[in-house]
1. Can you compute the charge dipole magnitude of segment A:152-273 about its Cα centre, using +1 on each Lys and Arg Cβ and -1 on each Asp and Glu Cβ, nothing else charged? Give it in debye, rounded to the nearest 20.
2. Quick check: net charge around A:Ile93, other residues with Cβ under 11 Å of its Cβ, Lys/Arg +1 and Asp/Glu -1?
3. Return the whole-Å distance between the Cα centroid of segment A:152-184 and the Cα centroid of segment A:277-320.
4. If you roll a 1.4 Å probe over the heavy atoms of the protein chains, what accessible area per residue do you get for segment A:257-390, in Å²?
5. Need the per-residue list for segment B:257-274: every residue with at least 30 Å² less accessible surface in the complex of protein chains than in the chain by itself, probe 1.4 Å, sorted by number.
6. Tell me the mean residue ellipticity at 222 nm calculated for chain B from its helices only (DSSP H runs of n ≥ 4, each -39500 (n - 2.57), averaged over every residue, nearest 500).
7. If Lys and Arg each add +1 and Asp and Glu each add -1, what is the summed charge of the other residues whose beta carbon sits under 13 Å from the beta carbon of A:Ala178?
8. When all alpha-carbon pairs of segment B:122-176 are counted, what percent fall beyond 17 Å?
Amino acid sequence: MHFTKRLIGLMTGSVLLAGMAASAAQAQDDPVKIGMITTLSGGGSSLGIDIRDGFMLAVNANDGKLGGKDVDVLIEDDSRRPDKANQIADKFIQRDEVDILTGIVWSNLALAVVPKAVRDGVFYVSPNAGPSELAGRMCHENYFNVAYQNDNQHEAMGEGFNAEGFESAFLLAPNYPAGRDAIAGFKRFYEGEIAGEIFTQLGQQDYAAEIAAIRASDADSVFIFLPGGMGIAFVKQYDQAQLGLPLRGPGFSFSQDVLPAMGEAALGARNAAQWSPDLDNPANQEFVAAFEQAYGRLPSVYASQAYDAAHLIGSALEQASPDDADAFRAALEEADFDSVRGDFEFGSNHHPIQDFYLREVVEVDGVYTNRIDRKVFDDHQDAYVDECSM
Amino acid sequence: MSAALIIEQVLNGFQLGVMLFLMAAGLTLAFGVMGLINLAHGSLYMTGAFVCAWVANATGSFWTGLALGLLASAAAGAIIEILVMRRLYDRDHLDQVLATFSLILIFAEGAHWLFGSRPLYLNIPDLLDGAIALPGGGGYPVYRLAVIGVGLVVAIGLFLLITRTRLGMRIRAGESDREMIGALGVNIRTLYTLVFALGAMLAGLAGVLVGASQSVQVGMGEPVLILAFVVIVIGGIGSIKGALVASVLVGLVDTLGRAFAPSLLALALPVQAAASVGASVASILIYLLMAVVLAFRPQGLFPTHG
């Protein structure tokens, strides 16, 4: 009797112990799951592909580890559709139980996915989209933007116009929220006159009417925010029309993903961004060389942001596990990683405080790319930080 | 608002119009002759541009690219006619929409797969680079004038083909009575393939001409396709003459709307609001035009019988 009791006690104890050991082992070996929702097909997919490639470059360089921990990156294509992005997010959170989400390119998709995901206790690290809502009144402790607030490049360009001494700017942007924000961001810092302002149709390809209007105005400079194919079409037609006015825009308009298609028509165009392939710091030199070697092309600003996103996550994983949300959040806030942008820190709304540069499109060994002309902002912070009560 | 600006904008409108005509001609022929709604017409446009850009980059010659681009889009047209469209002639329009929509997806992913996701580089040929002076000051790109010229030549050529040749006679006969022309011994299958390939080649030509001055990228065909549908509805489905008139009408209304709506509105509204409202008004003008035309002429401007 006594013996039997002891035996049962031993058995239960060892089973319990074994169970505990097993779960401990699991916690040790279970990789951190990162869900990447990005645009890999259809219009604008070159941005999503650069984000995926930039992120995976950082992961693969460390044998599938970030911050010394194994990571499992799940990648799905949102086709630039908010509903699809939402579905993928639900699946990642509920079925795959991811710890961290990242990858979204477009602001309207981010607004559809992020607020719900962070409420579910998942961390979201944005490698691109930075809508003003998420920087301001809808900011959240689990949301981190490693790229920029959307207005920043336009603000830097406005300051760049002042620095270059332009006094009469013609402004062109598509008629949708990001386009109107671009114009507002530009005007926040630009001090000269506005020679004209046109909102074009989203996706417009023929800019003859707008170019004629620019010619008829008394502008001394042109600011365009026309991402993707719209910018390619405009820049070529602008070059063909031989207006001779300096062409300027945010970094998106002259990013590495569109420069080859613009060709020499883009030469000399200046644009503002927080990163450039020739930024002189060891992390950036390593990144640009590794990216070129891995993929056979120059990285775009989007790839640089995703690479930083991966390293930011790595720096936090080194200190804490996402299961310990408070410790992990504190580690993310420190932003203790070598950014390819050099100086990098988070403001109180989890958006970057960083430098902005005026870049110029040049041809180097037959490849069109950007080179830094001058710095326009030192430690620039977004305009919405005060609206965030965090 | 100077006379030079107005002349320039009218030319721009014409240029957009003849471009649309190249797209609309193939669509309206396919509908008129075969009763087919072809949503994949924009994919043939994209095919022409992609092949031209790829060949031009490989060989350094725009003209070789142009020739092969036209050939490729005509061949792609013939192949999808034989493999897919043929099975759809007797089905209702909804089946055709579904099948040709799937072709859009196949072409888009195929282009990704073959050419990569980044837009391709294609510039205008050196011969047509530059601008010529307009009366009243200002230059106008030679390339845009050349596009207008090409469009007009194609329009005249199509008109002669349809009214003066045996092939054109058969196309017209096919429009009026399919069974009868088949019964008379004309090989209707070959005729359909030919008509479809011809339409595809014109779409490819539009793609090359537009691609050289705009951008060559996946999905470039769909916005143009919507405009082309507006054109054939306004012009009268199946009518080449209608397509030409409606193309130029749509091109002019769209361009002049974009050019002058904001400044006209600025007479009544603050400048800021006028810019934003003007952009919205300009983008709906062609649909308003379509609504007005349909209200008075439900069959379009130049209805074909039946």
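The values are calculated or read from the model by the stated rules, or taken from the named source; none is laboratory data. All values reported here derive from a predicted model rather than from experimental measurement. Note that each Cβ is placed from the backbone with ideal geometry, even for glycine, and that neighbours are counted across all protein chains shown. All accessible areas refer to the heavy atoms of the entire protein, side chains included, with ligands and DNA or RNA removed. Shrake-Rupley method; radii C 1.70, N 1.55, O 1.52, S 1.80 Å.
1. Values: 7 positive and 15 negative charges, 48 e Å.
My answer is approximately 240 debye.
2. Values: positive: A:Lys33, A:Lys91, A:Arg95, A:Lys116, A:Arg119; negative: A:Asp90, A:Asp96, A:Glu97, A:Asp99, A:Asp120.
Its environment carries a net charge of 0.
3. 28 Å
4. Numbers: 5230 Å² over 134 residues.
I get 39 Å² per residue for this part.
5. Buried-area filter returns B:Arg258, B:Gln272.
6. Details: 11 runs with 229 residues, N = 306.
So the helix-based figure for chain B works out to -26000 deg cm²/dmol.
7. -2
8. Numbers: 854 of 1485 pairs.
More than 17 Å apart: 58 percent of the Cα pairs in segment B:122-176.
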